[in-house]
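The values are calculated or read from the model by the stated rules, or taken from the named source; none is laboratory data. Because the structure is predicted, anything quoted here is derived from the model rather than measured. Using ideal geometry, Cβ is built from the backbone for each residue, glycine included, and neighbour counts are taken over all protein chains shown. Ligands, DNA and RNA are excluded from the accessible area calculation, which covers all protein heavy atoms including side chains. Shrake-Rupley method; radii C 1.70, N 1.55, O 1.52, S 1.80 Å.
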Amino acid sequence: FAPKNEDAKGISILCSVCQQTIYPYHLFYHKKSHKALTLLGYDSSQAKMDNETLLAQRQKLISKLTKFPKYSERRRQKIDYSFEFLMDDHTPTSHCDLDNTNSLNTLRKVKNSSIKALSIFQDKNSMWQGDMEDTFFVVDNYGNRSDTCFLGLVDGYHGVTAAETVAAELPLVFLDQLAQTDPSYKKTKEEQQILDSFATVITEDYREKEKIFSDRQENNKKNTFEWIHKAYAKSFWRMDRLLRLGRNEVSSVRWSGCSAVTCLMERLPSENTDGTKEERKHFENSMHSSLTKTTEDDAGLLHIANVGNVHAVLCKNGKSYHLSEEHSTSNVSERTRILQNSGNISTNEPDGLVEGRLRNTRGLGYHGDPVLKRAVIPVPHSISVPIDSSCQFLILASSGLWEVLDYKEVCALTLTTFTHYLRTYGCGQQNTVSLHNCQYLMPLSEGELNDSKAMNDLQDGREILDSNKETVLADLEDNLAQSYTGQQLLKTTLPVDCKPPTHFEEDAKTYLSDCKSQTAGKGRVTSEALYDNAASYISEQLAKTALAAGSRDNITILIVLLNGC
């Protein structure tokens, strides 16, 4: 699967199914091969079969299928399509131009002590999309609270009207709900005036329905942060009600809608605060995964809520943690909910469409069609997790990324890209190691390094950096004034006969040249500038990888570099 020429573009990705090293241009057909093998009854991670074996398997499946008097013709078609796909020799080609001019990279400064840098990269994907319907918001000093920020990403559908309205008003609506329970959240006079203008829409009768709605929201576990989950539920409900006004909608029938993922990032209460120890213990008992166990070095809290098919992923100790819920027809529980409430799901591939129109089962807006709106609800999935020094990255992204890459692949790619950037910078400082020799690096957690089995498994595909490279790394550590205790950098070997991609290095050089311009002749890049450029570089590389892998939707990636990086 690895290209054997020097013109191969993109960086390698470890397929989460078969653990093979795949390049972005190959990923589209590679994943389709997994699906075709599964449909023909093979293990999806199995190696490619020869043509005679595939033909015999196809005949066996069709013979078994036709024994039934009323067999499914659609099932037979799927078998034939899978067989023909695996028989063809697919030559990967570029699905889009990676040098797309319809892209924007934005850096945002926030005062939260848990955040090293924050970058947003957007690409319209002009080969498949005519308009950019994604938007985002970053609110620092949220509620007039230092070290608290509110982030969000909104993916529009059938127009950008609903997405822009949500990005502008949801932070204010959510702040109003938080302030009713926690007086430390403050609203300005201008914000209060805007909220007062909504009073004619949010009537008393509506507030009673709203209370029932928030009490029934999914995350009703009795934990310390239940009030925040209810605040999320109420704010999403109110935001959906505000979209019923149809402001700036251009159609009287098909109004726009959107998916949304939001993150409230705040500092964990001080140990001196009354009741904090009880809150910590209550919270730890209410959440049982390794992700949500609090420790003494907890830096803060993440409160995530989402509707639709935009997602949040936390990279912690080199592992990915999915913090959001997929609200689409591929979710079995969502399909059941719609069908039990007299909704319809069409037979369109791969998972059908709600009322023949929409793949999402939850979202904000979509009020132009009352039949569709009965099935597409604004109920968010919400979760609260602590973050500490082991948390490295937080990634919010629109469906353009997730439709071609899964959560593990995105986390691994982020780690590889960030480590490559740091090593490139270290090589540039010492001028002793070429860029080719410091690519494809992956940091490992201390637990993995102490695991003898894990280390033995790594020996086949990775080798410890030599002493010269470790010297460069040591200099990099001094420059950044950071300690990489419990971690080592390991170099993954390239696929056989494959030379390192060229554009990956060129991009790194470009960002490093930007760093040099920020030093103004000082000879050293400041820590802040280094993290900012690294965040921009990572977000752009993720978007380019998604484009190369065949994404057909707008791409927006919001990446947060946390202290653990």
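Just a few scattered comments:
- The range 13-87: mean projected area of Cα convex hull, nm²: 5.1 nm²
- Residue-by-residue Karplus 3J(HN,Hα) for the range 408-420, coefficients 6.51, -1.76, 1.60, Hz, glycine and proline x: 5, 5, 5, 5, 5, 5, 5, 4, 4, 5, 5, 5, 4
- Local net charge near residue 558, Cβ-Cβ under 15 Å (Lys/Arg +1, Asp/Glu -1): -3
- 3J(HN,Hα) along the range 367-374: 7, x, 10, x, 5, 5, 5, 5 Hz, from the Karplus curve 6.51 cos²θ - 1.76 cosθ + 1.60 with θ = phi - 60°, whole Hz, x for Gly and Pro.
- Computed over protein heavy atoms with a 1.4 angstrom probe, the accessible surface ordering of 239, 49, largest first, is 49, 239.
- Links that overshoot a 27 Å alpha carbon limit, given the list 187/319; 186/316; 35/67: 187/319; 186/316
- Of the peptides 53-63, 393-403, 254-264, the order by per-residue mean of other Cβ atoms within 10 Å, starting with the highest, comes out as 254-264, 393-403, 53-63.
- Computed about its Cα centre, the charge dipole of the range 13-87 is approximately 420 debye, with only Lys, Arg, Asp and Glu carrying charge at their Cβ.
- Radius 14 Å from Cβ of residue 141, net charge of other residues (Lys, Arg +1; Asp, Glu -1): +3
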